[in-house]
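See structure below.
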Amino acid sequence: MKHFSHAMHGSLERGQWPRLLLACPAESVCSLARRWCEKHDVQDVQLPQSGLALLKLCDSAQGDAYYPGEVPLSLARVRVTAADGCSSEGAAQVLDDRASLARAIAVIDAVLAGQLPGHEEVWPLLAAGQSRLDEQTAQRHALLTSTRVDFSLLGSSDGENDDE
């Protein structure tokens, strides 16, 4: 598993946090958020919701929009206030049908973005998520490599298609 140094913390964009957290077991993410909810005052700015969203794509030839299907979507927005009075807002919009998971990610987002007390607890979880995503990428790359066709051999045999 990778260790996230302080230099990496700054280079890791906030928009990547939900992706990394979704790669982790949901129970680990929810457990961390529960611990922070016990330490800090957490208020829902927007109640967590889950449902289906239409997937909108654009036709490449005509440029017309079309809707090939629906995807599960959960959203949450929270405000976290630490005991010292520092406050931060966080939000999550995830392709998942669990509103509780979206809220947990929103809590983590708020604590991490505001660098509230205990925020360093999330870095090992983000590192685990990055490790899982790297593993998936390596597996996909290996699969693509194993199915690659070498077309250079097709025209190399002498005497083929000699119609003299």
Next item on the list: Filter the GluC sites (Glu not before Pro) in the range 29-108 down to the DSSP loop ones having no more than 12 other Cβ atoms within 10 Å, then list what survives.
Entry: none
Margin query: At a threshold of 8 angstrom on Cα-Cα distance, excluding pairs fewer than six apart, so keeping six or more, what relative contact order does the chain reach in percent?
Written below: 25 percent
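Full extension from L57 to R14: what is 0.36 nm times the residue separation minus their Cα-Cα distance, to one decimal in nm? Working shown, then result.
Values: separation 43, 0.36 × 43 = 15.48 nm, distance 2.56 nm.
Computed gain between L57 and R14 is 12.9 nm.
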Item checked: Cβ-derived FRET efficiency at R0 25 Å, E120 paired with A26, nearest 0.05 -> 0.70
Item checked: Spin-label model distance (nm) - C86 vs E38, 7 Å beyond Cα toward Cβ -> 2.2 nm
Item checked: Per-residue [θ]222 nm for the chain (sum of -39500 (n - 2.57) over DSSP H runs n ≥ 4, rounded to 500) -> -12500 deg cm²/dmol
Next item on the list: Treat each spin label as a single point 7 Å out from the Cα along the C-beta direction, and report the Q46 to L154 distance in nm.
Entry: 5.0 nm
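Any read-out appearing in this document is the output of simple, stated calculations on the displayed coordinates, not a laboratory observation. Everything numeric here is computed off the predicted structure, so don't read it as measured data. Using ideal geometry, Cβ is built from the backbone for each residue, glycine included, and neighbour counts are taken over all protein chains shown.
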